[in-house]
Amino acid sequence: MDKRDALERIRHFVNDFFTDDTSGHDDAHMKRVASWAKFIAIKEGENPFLCEVAALLHDVGDHKLFSDPAQAIQQRDKLLMDVGFTENEVDTIDDAIRTVSFSRGAVPNSRIGEIIQDADRLDAIGAVGIARAFAFGGTINQPIYKEDEKDAISHFYEKLLKLRELMHTECGKQEAERRHQFMLQYLEEFYREQECREETSHVTE
């Protein structure tokens with residue numbers, strides 16, 4: 001297999017699906033997750049190429065983003081076979097992708113799955129994660145902040161601030177800690193500006 005050619009074709013495939021997305025699941029998200037997956041894989045002694053490929057494709061077939069997830073997954077797997085992956089490698093990639101989702105409470109059963117999940121969760125937190133949270137909220141007509149209502153800020157407490165404790169790899173844990181602290185600082189400033197206070201006590205570790 002020509003790995004460079006395979007990656008190029010996979011990136012084009014991903015771009016076709018996600019380049020116009022405005023919910024925070026665009027092709028830039030896929031590329032960031034892929035870059036972190038490759039980085040973590042190298043640190044963890046896992047296969048960086050398989051991790052990068054799985055990360056690039058991890059949202060293909062997501063029920064939130066596709067009207068026909070099964071068809072998208074078939075197209076994804078056909079592409080993988082066409083560029084030279086073995087059936088066993090395709091199964092490994094599929095298995096890793098199936099266990100990425102936070103909302104489904106999936107727990108990876110492979111190191112590759114753990115790495116992809118860590119990389120995806122890193123992109124949900126920190127500065128980029130904050131931007132993505134508000135972008136997604138806008139696509140579902142969710143207000144930024146409204147007390148006693150479902151808003152974008154509540155997403156921090158329902159998901160984002162929980163992710164630091166759910167990381168699998170040492171590299172992922174270290175980066176998640178940095179991003180977690182940034183989110184806490186952001187929330188402190190958000191409430192200060194929102195409520196015209198010099199100090200707030202809304203945010204906890």
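Of all residues in the stretch 5-26, those that are out of contact with any Asp or Glu (no Cβ under 7 Å at 6 or more places or on another chain) and either under 15 Å from Phe66 (Cβ atoms) or at pLDDT below 95 (or both) total 9. I'd like to check something: does the stretch 38-58 contain any residue that is surrounded by fewer than 19 Cβ atoms within 10 Å (Cβ to Cβ) and modelled with pLDDT under 95? No, because not a single residue in the stretch 38-58 is surrounded by fewer than 19 Cβ atoms within 10 Å (Cβ to Cβ) and modelled with pLDDT under 95. Of all residues in the stretch 148-162, none that is surrounded by fewer than 17 Cβ atoms within 10 Å (Cβ to Cβ) has its Cβ atom under 8 Å from the Cβ atom of a residue that is charged (D, E, K, R) and assigned to a helix (DSSP H, G or I), 6 or more apart or on another chain. Among the residues of the stretch 44-57, are any closer than 23 Å to Thr139 by Cα and of a type in the set (S, T, N, Q)? No, that holds for no residue.
Pairs are defined by a Cβ separation below 7 Å, a sequence spacing of at least 6 or placement on different chains, a first member in the stretch 7-28 that is farther than 12 Å from Leu57 by Cα, and a second member that is modelled with pLDDT under 95 and of a type in the set (Ser, Thr, Tyr); the pairs so defined are Thr22/Thr139; Ser23/Thr139. Exactly one residue out of Val90, Val60 is of a type in the set (A, V, I, L, M, F, W, C) and under 27 Å from Thr22 (Cβ atoms), and it is Val60.
Residues of the stretch 59-69 being open to solvent by 60 Å² or more (accessible area, probe 1.4 Å) and of a type outside the set (Lys, Arg), which ones? Step through it out loud before you land on a result.
Of the residues in the stretch 59-69, the ones open to solvent by 60 Å² or more (accessible area, probe 1.4 Å) are 63-64, 67-68.
Matches in the stretch 59-69: His63, Ser67, Asp68.
The one condition from (1) touching a helix residue (DSSP H, G or I) at 6+ places or on another chain (Cβ under 9 Å); (2) at pLDDT 95 or above; (3) exposed (fewer than 13 other Cβ atoms within 10 Å of the Cβ) that Met167 does not meet is (3).
Picking from residues in the stretch 172-187 that are under 16 Å from the mean Cα position of the chain (by Cα) and open to solvent by less than 30 Å² (accessible area, probe 1.4 Å), the one that is farthest from Ala41 (Cα to Cα) is His180.
Any residue in the stretch 128-142 that is exposed (fewer than 14 other Cβ atoms within 10 Å of the Cβ), without any contact (Cβ under 8 Å) to a residue 24 or more places away in the chain and of a type in the set (Phe, Trp, Tyr)? The answer is no; no qualifying residue exists. Beta carbons closer than 8 Å, at least 6 apart along the sequence or on distinct chains, pair a first residue in the stretch 32-49 that is in contact (Cβ under 8 Å) with a residue 40 or more places away in the chain and among the β-branched types (Val, Ile, Thr) with a second that is open to solvent by less than 50 Å² (accessible area, probe 1.4 Å) and outside any helix (DSSP H, G or I) for Val33/His58; Val33/Asp123; Ile40/Thr169. Of the residues examined, Ala96 is not one that is more than 29 Å from Lys162 (Cα to Cα) and either open to solvent by less than 50 Å² (accessible area, probe 1.4 Å) or polar (S, T, N, Q) (or both).
Pick from the stretch 12-37 the residues that are open to solvent by 60 Å² or more (accessible area, probe 1.4 Å) and within 14 Å of the chain's Cα centre (by Cα): which of them is nearest to Ile116 (Cα to Cα)? Outline the logic, then answer.
Applying the first criterion (open to solvent by 60 Å² or more (accessible area, probe 1.4 Å)) to the stretch 12-37 yields 12, 16-17, 19-20, 22, 31-32, 35-36.
Of the ones still in play, those that are also within 14 Å of the chain's Cα centre (by Cα) are 31-32, 35-36.
Details: Lys31: 12, Arg32: 11, Ser35: 10, Trp36: 9 Å.
That would be Trp36.
The values are calculated or read from the model by the stated rules, or taken from the named source; none is laboratory data. This is a predicted model, so every value here is computed, not measured. Counting neighbours? That spans all protein chains shown, and the Cβs are built from the backbone with ideal geometry, glycine included. Surface areas here come from the heavy atoms of the whole protein model, side chains and all, with no ligands, DNA or RNA. Shrake-Rupley method; radii C 1.70, N 1.55, O 1.52, S 1.80 Å.
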